[in-house]
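K.L.:
This structure is in C-alpha cells; I'll ask about it shortly.
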Amino acid sequence: MESYESAIEILRYHVVPVRIVTQNVSSNEMLNTLNDGLQLRFNKYSTKIETINCVTILRKNRIAQNGVVHLISSVLSPYSYSNRNLMQIINQNQDLTIFSKMLEVSRMHQSLKETFQTLTVMVPTDMALQRFPQNQLRRILSDETLSKAFVLKHILPTPICLSAVTEDQYVKSLADSNNYVKFSCDVKHTVTAQGNCINNDLKLSSNGIIYAINFALSSEEGKSALQIMQHLGLSEFVQIVNIAGLAQTFENFNSLTVFAPTNKAFRCMNPMEMYHIRSDPSAARAFVDFHVGRQMMTAENIYDGKTVETFAPGKQLRLQCVQNEFGVEGRRIHFQTVLGYNGAVHVVDHVLYPPTISVEDLIRKNDSFSLYAQAMDLVLGASPGGRTPFEFCSGVHNTYFIPTDYAFRKLGAVELNRLFGNPTRMRQILDNHRAGRILPSALIGTRQQYEIKTKNEIVRVSNEDDKFMVNEAEIIETDIITTNGLVHVVDDLILPQNRRRSE
C-alpha cells in the first residue's frame, strides 16, 4: 500500500462499473472490475452465505445515490486472481510439480484448461506427496489409471470457498460416485478437509479455484497388497508373510486377492500350530498360499459358487454370496474391499484351512451318523458298510444338513423300520437334507431367515439370536467344512412339507 500504483490497483479491483444487487446476480458469476482485465467471482451457497473471490459479504446491497456498497470481511487482492486457467497456474508453481506430472500422465491436464465448468482443485504440495513411499509414488507417476484415480479425488466439480463452510459438508469429487470430501469447521472457524487443516492459500483462475494443501486426500492409489495389509493393521498376517519369504510377491505379483485374517483370528489359533507356522518358513508359506487367490476379485465380480485357484498347488477357495453378504470357505468376508495396484485385500474373521475330509468320510467315521450312512447305502443299493460312489457327495458347492442317529430315532422304532423299508421315501427325505450351494451360518444375520432349495424342496434357514434352525430342526453344530461342501448337524429330520400335510 506504500506504492501509489499498488494502491490504485487494489482500489480499482474493489469496484465493478455497474450496479450489482446480489439477488440479481447468479451464483458463480464473473464480474469485470475497474482494474483492467481482472475479474471477481461471485458465489452463493445453501448456507445463505455469499462471497466475492471467496471473501464473505458481511453487509450487502447498501444503495447509494451513485451506486451500491457491499461490506466484505477482507481485502480483495488482485494478485490472487489470474486470467490464466487452472492448468497454467499449477504448471507455473514450483511447489506443485509432482501433481502437475500426475495431471499429464492421467491425461487430465486438458480438462483443467476448459472453461465451460468451474472446478475446485485441492493440490497436494510436492512436500506432501514426497511423504508417500517412493515405490508407491513411482507407480502412480508411471501409470495412467493410478494417476487418474488419484487426481480425480482431488478435483471437485463446484467452487468451494472456505468462508462458506460453517458445518460438516460432503462434496462429491470427480472420482466414482462414492467418493466425497468432507469439509468441517470448528469453533475457531478453522476449516478442515478429511480432518486436515486447510490454509486459506487459494488462487483464483479463469475456470476455478486452487488450494495448495500440505496433505493428500487419498493415499490408496499405487499401494501394493502388502502396503494395504500394513495400513489395515493386519500385523500378524504380515509377519507370517515375511517369515514365508513372500513380501516381494505381495509387492510385485499382479492380479492377486488376499483373504487376510484379523489379528483376533490369529489369537484364536492353537498355540502349538501358531508356533509351528512362525518357526518354519515352509509351514508359513503353505499357510499364506491358501489365503491368496491368483486373480483380482471385488464385490463386483464375486458371485455365489465361484471358485478361485490359490497359490497352494491344486487347492481352490470357494466363495459364497447370501443377501449381499460374502463368504469364503464358509467364513464371512468383511467388506469394504481395499484395492491396491496389484490386487485386492479382503479381511476375514477366521483363519482359513484347506479341508482334509470329504462328507462321505465324515459320515462313515462318526458313529453319531451311522443311521444316515445306512440310509444312503439303502438309497444307492449298496450292501451295509459298503463303500459306494456317493452320488450324494458329488460337487464341491453343497450344504448338508446331517441328522444324528438320535434325530432318526425320534421317529420311533415302528416308523423307522417302515422308512428303511421304503427306499423311495428315504430318497425324498435325504434329498431334503442336501442343497446345491454352500450356506454358511455366518452369512445369516440375527433374526433373519433365508430360503434355500434342496434337492427335494425349499427349506427355510433362520437365525434367532444365534440359534439356527432349518424349518423346525435345530442346527446343533454349524459350518463343518469338507472337500465337497459344508455340513450342518441337525437334531431332527427335515421331513418334506408336502408329505407332512398329507399325513
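The values are calculated or read from the model by the stated rules, or taken from the named source; none is laboratory data. In this text, all values refer to a predicted model and were calculated from it rather than measured experimentally. So basically every Cβ, Gly included, is an ideal-geometry build from the backbone, and we count neighbours across all protein chains shown. Protein only, heavy atoms only, side chains kept; ligands, DNA and RNA dropped before computing areas. Shrake-Rupley method; radii C 1.70, N 1.55, O 1.52, S 1.80 Å.
K.L.:
What accessible area per residue comes out for the chain, rounded to a whole number of Å², with a 1.4 Å probe?
P.N.:
That works out to 49 Å² for each residue.
K.L.:
Would you mind computing Rg(Cα) / (2.2 N^0.38 Å) for segment 175-277, counting N as its residues?
P.N.:
Normalised by 2.2 N^0.38 Å, the Cα Rg of segment 175-277 equals 1.61.
K.L.:
Using θ = phi - 60° and the Karplus relation 6.51 cos²θ - 1.76 cosθ + 1.60, list the HN-Hα couplings for segment 162-171 in order, rounded to whole Hz, with x at every Gly or Pro.
P.N.:
For segment 162-171, the Karplus-derived couplings read 4, 5, 8, 8, 10, 7, 4, 9, 9, 10 Hz, x marking Gly and Pro.
K.L.:
Starting from the residue with the highest accessible area, list K453, K60 in decreasing order, probe 1.4 Å.
P.N.:
K453, K60
K.L.:
Here's something else I'd like to know. Please compute P(r) over all alpha-carbon pairs of segment 43-116, binned at 10 Å starting from zero, and give each bin as a whole-number percent.
P.N.:
16, 30, 28, 19, 7, 1
K.L.:
With all protein chains present, how much of the accessible area of segment 143-202 (probe radius 1.4 Å) comes from carbon and sulfur, to the nearest whole percent?
P.N.:
The computed percentage sits at 46.
K.L.:
If you compute Rg and Dmax of the Cα atoms in Å for the structure shown, which of [x] 33.2, 114; [y] 23.6, 74; [z] 25.2, 83 do you land on?
P.N.:
[x]
K.L.:
If you don't mind, another one. For segment 1-92, state what percent of all Cα-Cα pairs lands in each successive 10 Å bin, counting from 0 Å until the bin that includes the largest distance.
P.N.:
Spelled out bin by bin, segment 1-92 gives 15, 46, 32, 7, 0 percent.
K.L.:
Pull up all non-local amide H partners of L38: gap of 5 or more, or a different chain, and H-to-H distance under 5 Å with H placed in the peptide plane.
P.N.:
So L38 has HN proximity to T33.
K.L.:
Below 8 Å, C-alpha to C-alpha, sequence gap of six or more: please give me the relative contact order for segment 31-151 in percent.
P.N.:
After rounding, I find 18 percent.
K.L.:
What figure in square angstrom, to the nearest 10, would you give for the accessible area of D492 with a 1.4 Å probe?
P.N.:
We get 50 Å² for D492.
K.L.:
Using +1 at the C-beta of Lys and Arg and -1 at the C-beta of Asp and Glu, which of V288, C161, N242 has the Cα lying farthest in the positive direction of the dipole of segment 146-290?
P.N.:
Toward the positive end, the furthest listed residue is C161.
K.L.:
OK, next. Using the Karplus equation 6.51 cos²θ - 1.76 cosθ + 1.60 (θ = phi - 60°), what ³J(HN,Hα) coupling, rounded to whole Hz, does each residue of segment 481-495 give in order, writing x for Gly and Pro?
P.N.:
Using θ = phi - 60°, the values come out as 8, 10, 5, 10, x, 10, 10, 10, 8, 10, 9, 8, 6, 9, 6 Hz.
K.L.:
With a/c under 1.5 counting as rounded, go ahead and sort segment 90-137 into rounded, prolate or oblate using the C-alpha gyration tensor (a ≥ b ≥ c being the square roots of the eigenvalues; past the cut-off, prolate if a/b is larger than b/c, else oblate).
P.N.:
prolate
K.L.:
Based on the alpha-carbon set only, what is the convex hull volume of segment 409-450 divided per residue, in Å³?
P.N.:
107
K.L.:
Chymotrypsin sites (Phe, Trp or Tyr not before Pro), restricted to segment 83-151: which are DSSP loop and have at most 15 other Cβ atoms within 10 Å?
P.N.:
The qualifying sites are F116.
K.L.:
Let me ask you something else. In debye, nearest 20: dipole of the chain around its Cα centre with unit charges on the Cβ of K, R (+) and D, E (-)?
P.N.:
Approximately 780 debye in magnitude.
K.L.:
While we're here: Within 10 Å, count the other beta carbons around each residue, average over each peptide in 73-84, 411-422, and list them highest first.
P.N.:
73-84, 411-422
K.L.:
Might you report the magnitude of the Cβ-based charge dipole of segment 185-332 about its Cα centre, with Lys and Arg at +1 and Asp and Glu at -1, to the nearest 20 debye?
P.N.:
That gives segment 185-332 a dipole magnitude of about 180 debye.
K.L.:
May I ask you to compute the full-extension gain from E477 to L416, defined as 0.36 nm times their residue separation minus their alpha-carbon distance, rounded to one decimal in nm?
P.N.:
In short, 19.6 nm is gained.
K.L.:
Would you mind checking which residues have amide H under 5 Å from T482's amide H? H placed 1.01 Å from N; only 5 or more apart, or other chain.
P.N.:
The answer is V487.
K.L.:
Would you pull out the residues with amide H under 5 Å of V490's amide H, same chain only if 5 or more places away, H placed 1.01 Å from N?
P.N.:
The answer is I402, T404, I476.
K.L.:
Please find the FRET efficiency linking E29 to S142, where r is the Cβ-Cβ separation and R0 is fixed at 41 Å, and quote it to the nearest 0.05.
P.N.:
For E29 and S142, the calculated efficiency is 0.50.
K.L.:
Which residue, Q134, L76, N196, has the largest displacement toward the positive end of the dipole of the chain when charges sit on each Cβ (Lys, Arg +1; Asp, Glu -1)?
P.N.:
The Cα lying farthest towards the positive end belongs to L76.
K.L.:
Applying a 10 Å radius around every beta-carbon, put 219-225, 180-186 in order of their mean neighbour count, most first.
P.N.:
Peptide ranking by packing, descending: 219-225, 180-186.
K.L.:
Can you compute the modelled spin-label distance between S368 and K315, with each label point 7 Å from Cα toward Cβ, in nm?
P.N.:
Between S368 and K315, the simple spin-label model gives 2.6 nm.
K.L.:
Quickly rank 243-252, 4-13, 339-348 as a protection proxy: mean count of other C-beta atoms within 10 Å, highest first.
P.N.:
339-348, 243-252, 4-13
K.L.:
Run the dipole for segment 58-108 about the Cα centre, Lys and Arg Cβ at +1, Asp and Glu Cβ at -1, nothing else charged, and hand back the magnitude in debye, nearest 20.
P.N.:
Dipole about the Cα centre, nearest 20: 280 debye.
K.L.:
What ³J(HN,Hα) values, in whole Hz, does the Karplus curve 6.51 cos²θ - 1.76 cosθ + 1.60 give for segment 219-226 when θ = phi - 60°, with x put for Gly and Pro?
P.N.:
So the J values, rounded to whole Hz, are 10, 7, 4, x, 6, 7, 4, 5.
K.L.:
Moving on. Could you work out how far apart the two model spin labels at D405 and N263 are, taking each label as a point 7 Å from the Cα in the direction of the beta carbon, and quote it in nm?
P.N.:
About 4.7 nm separates the two model spin labels.
K.L.:
What is the percent carbon and sulfur in the accessible area of segment 211-303, measuring with a 1.4 Å probe over the protein chains and ignoring ligands?
P.N.:
51
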